[in-house]
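The values are calculated or read from the model by the stated rules, or taken from the named source; none is laboratory data. Small disclaimer: the values here were computed from a predicted structure and weren't measured. Heads up, the Cβs are rebuilt from the backbone with ideal geometry, glycines too, and the neighbour counts pull from every protein chain shown. When the accessible area is computed, the model is the full protein with side chains, heavy atoms only, and any ligands, DNA or RNA have been set aside. Shrake-Rupley method; radii C 1.70, N 1.55, O 1.52, S 1.80 Å.
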Amino acid sequence: MQATASPRPLPLAGLRILAVEQYGAGPFGTSYLADLGAEVIKIENHKEGGDIGRSVGPHYFGPGDSQFFQTFNRNKKSITLDLKHPKGIEAFRALVKEADAVLDNLRGDHPEKLGLTYADLCEINPRIICAHLSAYGRDGSRKAWPGYDYLMQAEAGHMSLTGEPDGPPTRYGLSIVDLMTGLAASFALLAGVVSARDTGVGMDVDTSLFDVALHNLNYPGTWFLNGGTVTGRGERSTHPSLTPSQLYRSQDGWVFIMCNKEKFWTILADELGHPEWKVDPELCNFAVRLANRPRVTQLLDTAFSRRPTEEWIRLLAGKVPISPVYDVAQALSTPFVSERDSVLDFRYEDGHTARMIANPIRINGVDLPTNAAPAMGAHTYSLLHEVGYSDEQIAVLQAEGAIGELPMYSA
């Protein structure tokens with residue numbers, strides 16, 4: 001399957017990445033690279049069913065092709081290799097000779113065991129970048145610990161900041177730590193490639209779910225480290241210091257208002273028919289509104305409850321930062337999503353399609369590729385041929401279990 005024709009090359013064309021990845025965080029990061037034109041080759045262990053994401057339900061396009069898997073693996077290639085088999089390792093190292101980077105999202109003690117570090121691979125390719133994404137890092141007391149997104153949200157303080165003050169600590173509705181750690185790993189990989197292309201010397205680059213989760217404490221973390229302030233949860237998802245910046249009741253639901261500049265408060269007061277709020281000593285600036293937040297909430301609830309959400313959006317959009325509160329179906333079905341071409345069809349080899357959300361990066365004059373994720377091992381034959389394996393040698397690899405069976409639509 002070819003990428004959509006573009007008047008100039010994709011920005012990462014020519015970049016080859018071997019991805020020893022599974023599930024969410026690693027595949028999400030490399031999906032950005034693949035969407036931008038990098039050749040991302042998934043290394044899948046056929047003896048374990050390949051990437052576990054292929055079996056993550058409950059929604060499937062077909063056997064071994066979950067909708068979860070498609071989300072994270074479009075525009076990639078797949079080769080089956082058992083990295084614990086001597087001939088599998090040999091084939092992997094042959095691929096490393098022609099690669100720019102290897103990315104893994106394994107438990108912290110596994111890259112060294114499997115020979116995926118720079119020390120293991122530099123004699124084959126001194127320019128290789130070895131990017132590692134683990135739960136808790138590749139050194140220290142937790143390197144052998146398994147770990148997942150929700151655990152990081154709990155330990156890094158995120159759940160203490162999410163939800164209503166009188167409710168239990170709450171996780172995000174999405175796996176934000178996984179997604180951001182994937183981006184951090186891909187950012188580190190690209191930084192390493194830039195350096196290696198300049199110096200001729202590669203390196204290991206590392207990130208972890210825990211480190212990214214902790215880093216994402218951001219300004220509340222700085223507030224604590226420098227002033228001892230422990231930020232907690234606010235009612236209705238309020239901003240910790242700016243008001244109004246939270247949910248308010250409309251006639252038929254909710255609106256989210258963010259008057260994060262003083263000018264927006266004055267505009268809001270006029271649009272709601274209450275110009276007196278601009279000079280009220282309890283409402284006229286951020287400091288007094290924060291001190292009188294319950295009154296602000298009561299006033300705005302009363303005002304917004306007079307009309308349904310969509311009327312407020314029509315009245316205030318573009319004047320005051322305002323948003324409706326949508327569910328997933330509503331969020332993906334708006335005219336603005338259509339206008340932005342934010343949902344696209346990703347095409348399989350046989351022509352049928354999977355509908356998915358477009359990459360958020362837009363590049364002037366370039367159409368990003370829209371290829372569906374590959375069948376497990378779809379590119380095994382072509383990739384091994386490319387690095388010098390004959391048909392006979394490939395047959396031996398398959399007979400000995402170093403690679404899996406070639407799929408029907410093998411490239």
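For the reader, a short list of remarks on this structure follows.
- For Gly50, distant residues with modelled amide H under 5 Å away: Asn45
- On the beta carbon distance between Asn285 and Val230, with R0 = 25 Å, the FRET formula returns roughly 0.45.
- Relative contact order %, the stretch 254-324, counting alpha carbon pairs below 8 Å whose residues are six or more apart: 47
- The Rg/Rh ratio of the stretch 254-324, with both radii computed over alpha carbons and Rh defined as the Kirkwood radius, is 0.93.
- The trypsin sites (Lys or Arg not before Pro) found in the stretch 285-321 that occupy coil by DSSP, while having at most 16 further C-beta atoms within 10 Å, are Arg306, Lys319.
- Where Rh is the Kirkwood radius over Cα pairs, Rg/Rh for the stretch 107-195: 1.10
- Rolling a 1.4 Å probe across all protein chains gives Arg93 an accessible area of roughly 70 Å².
- Here the chain is treated with +1 on each Lys and Arg Cβ and -1 on each Asp and Glu Cβ, and its dipole about the Cα centre works out to around 920 debye.
- Summary of the geometry: the stretch 19-50 and the stretch 340-411, compared by the centres of their Cα atoms, lie 11 Å apart.
- Listed values (1) 24.8, 90; (2) 25.4, 85; (3) 31.6, 99, entry calculated as Rg and Dmax of the Cα atoms in Å: (2)
- In plain terms, the chain from Gln251 to Val337 could stretch by 28.5 nm, reckoned as 0.36 nm per residue minus the Cα-Cα distance.
- Degrees, to the nearest 10: 262-271 long Cα axis against longest axis of the chain: 60
- The share of C-alpha pairs in the stretch 205-328 whose separation exceeds 23 Å stands at 40 percent.
- Applying 1/(1 + (r/R0)^6) with R0 = 22 Å to the Cβ-Cβ distance of Arg295 and Lys319 gives a FRET efficiency near 0.40.
- Candidate lysines for bridging to Lys97, where Cα separation is under 21 Å - those fewer than 8 sequence places away on the same chain excluded: Lys42, Lys76, Lys77, Lys84, Lys87, Lys113
- Phi-derived couplings, Karplus 6.51 cos²θ - 1.76 cosθ + 1.60 at θ = phi - 60°, listed residue by residue for the stretch 184-197: 4, 5, 5, 4, 5, 4, 5, 4, x, 5, 4, 5, 5, 5 Hz, with x used for Gly and Pro.
- Inter-probe distance in nm under a simple model that places probes 7 Å from Cα toward Cβ, at Asp270 and Thr222: 3.3
- A dipole drawn for the stretch 1-81 from +1 and -1 charges on Cβ atoms has a positive end, and of Leu18, Gly62, Phe72 the residue lying farthest that way is Leu18.
- Two-site FRET efficiency, Asp367 against Lys263, from Cβ-Cβ distance with R₀ of 35 Å, rounded to 0.05: 0.35
- For the chain, modelled as a GNM whose springs connect Cα atoms under 10 angstrom apart, the maximal fluctuation among Gly64, Gly147, Gly253 occurs at Gly253.
- Within the chain, percent of DSSP bridges classed antiparallel, to nearest 5: 40
- The residues of the stretch 254-324 have, on average, 51 Å² of accessible surface per residue, using a 1.4 Å probe with all protein chains present.
- Accessible-area composition of the chain, carbon plus sulfur, in percent [1.4 Å probe]: 56
- Charge context of Asn216, other residues only, Cβ under 13 angstrom, K/R +1, D/E -1: -4
- Under Karplus coefficients 6.51, -1.76 and 1.60, residue-wise ³J(HN,Hα) of the stretch 380-392 in Hz, glycine/proline x: 4, 4, 5, 5, 5, 4, 4, 9, x, 7, 8, 4, 5
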